[in-house]
1. Considering only residues that are more than 14 Å from residue 145 (Cα to Cα), among the charged types (D, E, K, R) and in contact with a strand residue (DSSP E or B) (Cβ under 6 Å, 6 or more places away or on another chain), which ones fall in region 157-174?
2. Do we find that residue 65 is modelled with pLDDT under 85, farther than 29 Å from residue 247 by Cβ, open to solvent by less than 60 Å² (accessible area, probe 1.4 Å) and outside any loop (DSSP other than H, G, I, E, B) in this structure?
3. From the residues in region 118-134 that are surrounded by fewer than 16 Cβ atoms within 10 Å (Cβ to Cβ) and closer than 19 Å to residue 92 by Cβ, which one is farthest from the chain's Cα centre (by Cα)?
4. Hey, any hits in region 224-234 for a residue that's more than 18 Å from residue 96 (Cα to Cα), without any contact (Cβ under 8 Å) to a residue 40 or more places away in the chain and in contact with a Pro (Cβ under 8 Å, 6 or more places away or on another chain)?
5. Using beta carbons and a limit of 6 Å, which pairs, at least six apart or on different chains, have the first residue in region 193-204 and among the polar types (S, T, N, Q) and the second one outside any helix (DSSP H, G or I)?
6. Would you list the helices (runs of 4 or more DSSP H) that sit entirely within region 177-239 and hold 2 or more residues that are open to solvent by less than 40 Å² (accessible area, probe 1.4 Å), out of contact with any His (no Cβ under 7 Å at 6 or more places or on another chain) and not aliphatic (A, V, I, L, M)?
Amino acid sequence: MPDLLGYRAKMGVVVPSTNTTMEPEMHSMAPRGVTFLTARIYLAQSSHNRRTIVAQSSVRSPEEAQKAFEAFQTALGSAIRDVATAEIDHLLIGVSALSFMEGVAGSQRFEKTLQKITNVPMTTAACATTAALRLYDVKRVGILSPHPSMLKEHYIRFFVESGYDVVKLYRIDCPTTLAIAMVDETTIRRALCNLSDEGAEAIVQVGTDLVMTRLADEAERWLGKPVLSVNATMLWHALRASNIADRLFGLGSILREH
């Protein structure tokens with residue numbers, strides 16, 4: 001018998017414990033009969049101000065950062081095993097940075113690692129974004145990121161290796177992971193306009209904690225070009241992979257037209 005609520009699909013979602021955006025956005029975008037079941041990957045908090053530190057001591061060098069990412073991947077495996085017990089039909093990996101690390105080859109290695117944990121079909125930010133970009137006749141892309149500067153080269157490398165010209169990566173400085181969800185609309189609008197002015201034919205947003213989905217739909221109208229918010233793009237990829245062809249409105253052209 002089918003699940004009474006998720007009778008079309010049960011989607012697992014794995015996010016960092018401090019991510020306050022992806023889960024509610026997925027619930028708000030859910031088509032009828034599709035449910036989203038979330039597992040969280042623990043990130044330590046500072047005790048004095050209850051703000052999550054983005055491994056501040058771990059990004060001072062590439063070596064320390066690599067150790068932090070390896071620890072995070074171990075925790076990711078535990079979270080995947082937890083949510084898989086709900087007998088999910090598809091899995092969304094809501095940690096966008098990990099899927100872009102070390103270019104296309106690194107992204108492929110990351111996916112192979114995940115496939116060793118579960119055989120459930122899955123969506124990463126990298127695979128969803130590249131699949132979406134192929135639907136648009138674009139060559140020059142702009143990237144909007146709320147992540148630490150050390151990740152810039154990884155994002156640019158991935159898209160260049162995927163065959164795109166990166167006109168610019170616009171980084172919104174966020175001191176903590178919790179601060180990503182606090183970035184105001186004015187700041188995001190400024191970033192989108194800047195990337196458009198730099199000649200981007202399409203804008204790609206990374207960072208599943210940035211509140212961007214519905215603003216991206218609006219931005220496509222006043223910029224006149226595709227704006228791919230990562231959460232909407234991952235939802236599109238997961239739905240189509242699950243043979244759910246619903247066209248959703250107010251979430252950007254990717255879900256409305258493709």
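The values are calculated or read from the model by the stated rules, or taken from the named source; none is laboratory data. Computed from a predicted model, the values in this text were never measured in an experiment. In this analysis, Cβ positions are derived from the backbone assuming ideal geometry, glycine residues included, and neighbour counts consider all displayed protein chains. All accessible areas refer to the heavy atoms of the entire protein, side chains included, with ligands and DNA or RNA removed. Shrake-Rupley method; radii C 1.70, N 1.55, O 1.52, S 1.80 Å.
1. 165
2. Details: modelled with pLDDT under 85: yes; farther than 29 Å from residue 247 by Cβ: yes; open to solvent by less than 60 Å² (accessible area, probe 1.4 Å): yes; outside any loop (DSSP other than H, G, I, E, B): yes.
Against the criterion (modelled with pLDDT under 85, farther than 29 Å from residue 247 by Cβ, open to solvent by less than 60 Å² (accessible area, probe 1.4 Å) and outside any loop (DSSP other than H, G, I, E, B)), residue 65 qualifies.
3. Restricting attention to region 118-134, the residues satisfying the condition of being surrounded by fewer than 16 Cβ atoms within 10 Å (Cβ to Cβ) are 119, 121, 134.
Subsequent filtering for residues that are closer than 19 Å to residue 92 by Cβ retains 119, 121.
Values: 119: 21, 121: 17 Å.
Filtering region 118-134 for residues that are surrounded by fewer than 16 Cβ atoms within 10 Å (Cβ to Cβ) and closer than 19 Å to residue 92 by Cβ, the one farthest from the chain's Cα centre (by Cα) comes out as 119.
4. No, every residue in region 224-234 fails to be more than 18 Å from residue 96 (Cα to Cα), without any contact (Cβ under 8 Å) to a residue 40 or more places away in the chain and in contact with a Pro (Cβ under 8 Å, 6 or more places away or on another chain).
5. Listed pairs, sorted by first residue: 194/170.
6. Working: elements: 177-180, 185-197, 213-223.
In region 177-239, 185-197, 213-223 are the helices (runs of 4 or more DSSP H) which contain 2 or more residues that are open to solvent by less than 40 Å² (accessible area, probe 1.4 Å), out of contact with any His (no Cβ under 7 Å at 6 or more places or on another chain) and not aliphatic (A, V, I, L, M).
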